[in-house]
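S.K.: Below is one structure. I have some questions about it.
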Amino acid sequence: MNLLAINLQAFISFTLGAIYLFVLGFTIVKILLDTHSTSKTLSYLLVVIAFPIIGILFYFSFGINYRRKKSNQKSGDIYHKVTKELQSNIEDDTDKLVTKHKKILQHYTSLISFVRNLGQENLSVNQFKLLINGEEKFPEVLKVLDSATKHIHMEYYAWENDVRGKQIRDVLLKKAKMGVSVRVMYDAYASRKIKHNIVKELRNGGVEIHPVIKVKMAQIANRVNHRDHRKIIIVDGNIGFVGGINLSDRYDNSIDTGLYWRDTHMKITGPGVMNIQRHWIINWHACQDKRLAFNYDLLPDKLIEEKTGVTELSQINVGGPIYPMSTIMLTYAKMFSLAQKKLYITNPYFIPNETILDVLKQAA
């Protein structure tokens, strides 16, 4: 009887040990495959090895961003499909433009090929109008929104309950009432103040509006760093806005907020807007289930020309957690390495990694 008990105990111990080693091995492999930061990888490995069971439980509780993983998987599934739809509807003139403007582009042709291969972004000729601060951006945005005839697509990080925020709300409600398709995405954490009024008012007024990544209890959310920082507007597939200015009075120095805020936005007119449209649609599919394909409603009737601004060759560069590489960071590195005479950088969040530091030193 005692011998049987001893053998059973040994069997149980061996089985539990084998299970633990399997789980530990699985966890280590998952950490190595899923964690892109070297420092985080080493930290997680140290925790799971040094603290048996507790370390593994800690990693699976706090080391994995399940909300991000779910949204990335959904976005990744449609990324290539939406890209193919765009390519079948929009002619890629990259090679023709590179050949035509080879003398102007010079050694920057390698940058164009790099961005094209990295994110399937074609080169096109567009018109640009630089908008300094909110006092230049908001009047232009309100005017363009009011001119929409087919659709308005928006995606914003921060939206406030203030003068400018409510002006944007009002024009969206007006256009929706006139039959324009208005679709809006917002960041559930940064724009949490509009959840109980502006969001409800827009939804009741016929606007399709969704948070990009849902945050039910923002105050205790443990993964608020997975945010959508885009500030995008697309009108009729022909005019777009991108940049750093959110929907808030603090960016507009014509409104007295007690602070002076300096930021930049850009109005884009031309075929490049459809590249922005592609990435907007990818996120739209990720945040809700209604299918939105490239068709007449999303394509511009004809290309219009901006009366003010400058006409330039351009490519759109987009980054985010669903993209296979750090596209913006890699493009910065490539761009910096091509500098020959001068390199000026203006950026509100300058936190360079080793790659960027090395290429800046090389340029210097």
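The values are calculated or read from the model by the stated rules, or taken from the named source; none is laboratory data. Source: prediction; values computed, not measured. Every residue, glycine as well, gets a Cβ built from its backbone with ideal geometry; the counts of neighbours run over all protein chains shown. Accessible surface is based on the protein model in full, side chains and every heavy atom, while ligands, DNA and RNA are left aside. Shrake-Rupley method; radii C 1.70, N 1.55, O 1.52, S 1.80 Å.
S.K.: Tell me the residue from Leu313, Leu303 that is touching a residue at least 12 places away in the same chain (Cβ under 8 Å), assigned to a loop (DSSP other than H, G, I, E, B), closer than 27 Å to Glu140 by Cβ and hydrophobic (A, V, I, L, M, F, W, C), please. Steps first, answer last, please.
M.R.: Values: Leu313 fails: assigned to a loop (DSSP other than H, G, I, E, B).
Just one listed residue meets the conditions, Leu303.
S.K.: Take residues that are among the hydrophobic types (A, V, I, L, M, F, W, C) and open to solvent by less than 60 Å² (accessible area, probe 1.4 Å) and tell me which of the strands (runs of 3 or more DSSP E) falling wholly in the stretch 113-198 contain 3 or more.
M.R.: Working: elements: 124-132, 151-156, 181-186.
Per the criteria, 124-132, 181-186.
S.K.: Let me ask something else. Mind listing whichever residues of the stretch 266-300 are crowded, with 22+ Cβ neighbours inside 10 Å and over 18 Å from Gly237 (Cα atoms)?
M.R.: The one that is crowded, with 22+ Cβ neighbours inside 10 Å and over 18 Å from Gly237 (Cα atoms): Ala286.
S.K.: Working only within the stretch 311-329, note down all residues that are open to solvent by less than 80 Å² (accessible area, probe 1.4 Å) and at pLDDT 80 or above. Even if it seems obvious, please write down each step before you answer.
M.R.: Pass one, the stretch 311-329, residues open to solvent by less than 80 Å² (accessible area, probe 1.4 Å): 313-323, 326-329.
If the condition is that a residue be open to solvent by less than 80 Å² (accessible area, probe 1.4 Å) and at pLDDT 80 or above, then Leu313, Ser314, Gln315, Ile316, Asn317, Val318, Gly319, Ser326, Thr327, Ile328, Met329 are the ones that fit.
S.K.: Quick test for you: out of Lys30, Lys102, pick the one residue that is farther than 30 Å from Gln315 by Cα, of a type outside the set (S, T, N, Q) and at pLDDT 85 or above. It would help to see each step written out before you state the result.
M.R.: Numbers: Lys102 fails: farther than 30 Å from Gln315 by Cα.
Checking each option against the conditions leaves just Lys30.
S.K.: Continuing with this model, one more query. Here is a check on your reading of the model: is Tyr344 outside any loop (DSSP other than H, G, I, E, B), open to solvent by 70 Å² or more (accessible area, probe 1.4 Å), without any contact (Cβ under 8 Å) to a residue 40 or more places away in the chain and under 22 Å from Val242 (Cα atoms)? Can you show your working first?
M.R.: Details: outside any loop (DSSP other than H, G, I, E, B): no; open to solvent by 70 Å² or more (accessible area, probe 1.4 Å): yes; without any contact (Cβ under 8 Å) to a residue 40 or more places away in the chain: yes; under 22 Å from Val242 (Cα atoms): yes.
So Tyr344 fails the test.
S.K.: Ok, one more. Condition first: modelled with pLDDT of 90 or more and more than 19 Å from Leu118 (Cβ to Cβ). Now tell me which residues in the stretch 80-99 satisfy that.
M.R.: Across the stretch 80-99, the qualifying residues are Lys96, Thr99.
S.K.: Among the residues of the stretch 50-60, is there at least one that is at pLDDT below 80, farther than 30 Å from Val125 by Cα and of a type in the set (Ser, Thr, Tyr)? Even if it seems obvious, please write down each step before you answer.
M.R.: We begin by selecting, within the stretch 50-60, every residue at pLDDT below 80; these are none.
No; the residues of the stretch 50-60 include none that is at pLDDT below 80, farther than 30 Å from Val125 by Cα and of a type in the set (Ser, Thr, Tyr).
S.K.: Condition check: charged (D, E, K, R), free of Cβ contacts under 8 Å to residues at least 40 places away in the same chain and closer than 17 Å to Arg183 by Cα. Does Asp289 satisfy that? Steps first, please.
M.R.: Details: charged (D, E, K, R): yes; free of Cβ contacts under 8 Å to residues at least 40 places away in the same chain: yes; closer than 17 Å to Arg183 by Cα: yes.
So Asp289 fits the description; yes.
S.K.: Looking at (1) surrounded by fewer than 17 Cβ atoms within 10 Å (Cβ to Cβ); (2) at pLDDT 90 or above; (3) touching a Lys or Arg at 6+ places or on another chain (Cβ under 8 Å), can you tell me which one Ser337 breaks?
M.R.: Every listed condition holds for Ser337 apart from (3).
S.K.: Among what's in the stretch 351-363 and is open to solvent by 100 Å² or more (accessible area, probe 1.4 Å) and closer than 14 Å to Ala333 by Cβ, pick the residue that is modelled with the lowest pLDDT. Spell out the reasoning first.
M.R.: First pass over the stretch 351-363, keeping only residues open to solvent by 100 Å² or more (accessible area, probe 1.4 Å): 351, 354, 361-362.
With the extra rule that they be closer than 14 Å to Ala333 by Cβ, the set shrinks to 354, 361-362.
Values: Glu354: 89, Lys361: 95, Gln362: 94.
Ranking the qualifying residues of the stretch 351-363, first place goes to Glu354.
S.K.: Hey, Gln127 hits all of (1) out of contact with any Ser or Thr (no Cβ under 7 Å at 6 or more places or on another chain); (2) under 30 Å from Phe336 (Cβ atoms); (3) polar (S, T, N, Q) but one; which does it fall short on?
M.R.: (1)
S.K.: Ok, one more. How many residues does the stretch 18-65 hold that are in contact (Cβ under 8 Å) with a residue 60 or more places away in the chain and open to solvent by 100 Å² or more (accessible area, probe 1.4 Å)? Steps first, please.
M.R.: Taking the stretch 18-65 and keeping what is in contact (Cβ under 8 Å) with a residue 60 or more places away in the chain, we get 62, 65.
This time we only want the ones that are open to solvent by 100 Å² or more (accessible area, probe 1.4 Å), so: 62.
Of the residues in the stretch 18-65, 1 are in contact (Cβ under 8 Å) with a residue 60 or more places away in the chain and open to solvent by 100 Å² or more (accessible area, probe 1.4 Å).
S.K.: Residues that are touching a Lys or Arg at 6+ places or on another chain (Cβ under 7 Å), at pLDDT below 90 and open to solvent by less than 50 Å² (accessible area, probe 1.4 Å): does the stretch 238-251 have at least one?
M.R.: no
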